[in-house]
Amino acid sequence: MTTTLTTFPTEAADRLRRGGLVGFPTETVYGLGADAFQPEAVKRIFEAKGRPADNPLIVHVRRREQIGQVAATIPAAAEPLLERFLPGPLTIILPRHPELPSVITAGLDTVGVRMPGLPLTQRFLAACDTPVPAPSANRSGRPSPTTWEAVQDDLGGRIDCILQGGQTEAGVESTVVDCTTEPVEVLRPGAVSVEALRDVLGAVRTESSTEASALRSPGTRHRHYAPAAEVRLVEDPSETEPGPKHAYIGLDAPAPPDAFGAVFVEPDLEAYAHDLFHVFRTCDEKGFEIIYAQTVPPTGLGRALNDRLRRAAAR
Ligand code: AMP
Ligand code: MG
């Protein structure tokens, strides 16, 4: 299959409406979408990625009214979140609409809904004029793609089209919040901080590592975000060992920096998150063997960063 590259959201949407798979940018990472109401096309998303069938897809919508096509009801706790964070990098878990194809939700009775904020994504979704289930547009297990080139590297020849946008802003995925429980629970930390959710809702549970929530969010069980190089976590750069095939990423600089193959010193958490997956992929292209990654304070965006770092380091 030839993968068409386009900068026109209408052309990409046309491919999707004709049953195609389309890689597209959002403010978090690139997604791989299909028409929610063409189950055969949705099945091909799992095949193209090598994604386990038990891992549900987040459905992307353009307008508030489209939520009614995918969710049966909107629980009271979800209202203030919709009001405050949509459009934006937040995924809200709601009761599933009975007519939504079950391949999307991996048989669960809930559905994850997200309304992206990036203008190019909004133009694409408006032209699709249908809800678009889309996981990240990488081969399963690999770092999420933050550029269209990364989508092409992973899925070129396996999908119909890539909508070419710039490098994504956030660099980490959306925060996933289960609004079917009381209080609501964060199933995956992400670009919207837990602190910001608490400002709006008060009580928010965060035991995302508990067995119960791992069951409710199957994706968090799988190995994720990993480059080919071995990722070693350090709290302090002094714990690293320099070498020409060793790379380093963190907030504090290692010494001596010249003794590493590459060093990425990030000015703040936002820059660290923005760069992380791109750095992983760049290190693989250069054939590095070890990537030292500094863990960060677990507040704000730091929670999501540490989560991605831990999963990338898990062998
Ligand atoms: P990605 O594969 O990068 O798109 O990430 C999607 C994440 O959202 C995975 O961790 C999924 O398990 C999770 N998710 C999607 N739908 C649901 C749902 N209905 N209930 C719980 N988690 C979900
Ligand atoms: Mg993913």
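Every number in this text was worked out from the coordinates using simple rules, so none of it is lab data. As the structure is a computational prediction, the values presented were derived from the model and not from experiment. We place every Cβ from the backbone using ideal geometry, glycine too, and count neighbours over all the protein chains shown.
Ordering 302-315, 82-95, 233-246, 25-38 by mean Cβ neighbour count within 10 Å, with the highest value first, yields 25-38, 82-95, 302-315, 233-246. Report note on the peptides 153-160, 69-76, 128-135: ranked by the mean count of other C-beta atoms within 10 Å, highest first, their order is 128-135, 153-160, 69-76. So what is the relative contact order of the chain, in percent, for Cα pairs below 8 Å that sit 6 or more residues apart? Answer for the chain is 20 percent.
Over all pairs of different C-alpha atoms, the chain has a mean inverse distance whose reciprocal, the Kirkwood radius, equals 19.7 Å.
The protection proxy used here, the mean number of other Cβ atoms lying within 10 Å of each residue, ranks peptides 18-24, 291-297, 3-9 as follows, highest first: 18-24, 291-297, 3-9. Dipole of the chain (Lys/Arg Cβ +1, Asp/Glu Cβ -1, origin at the Cα centre): which of 233, 133, 75 lies farthest to the positive side? About the Cα centre, the residue reaching furthest to the positive side is 133. The spacing between the range 3-80 and the range 271-314, judged by their C-alpha centroids, is 26 Å.
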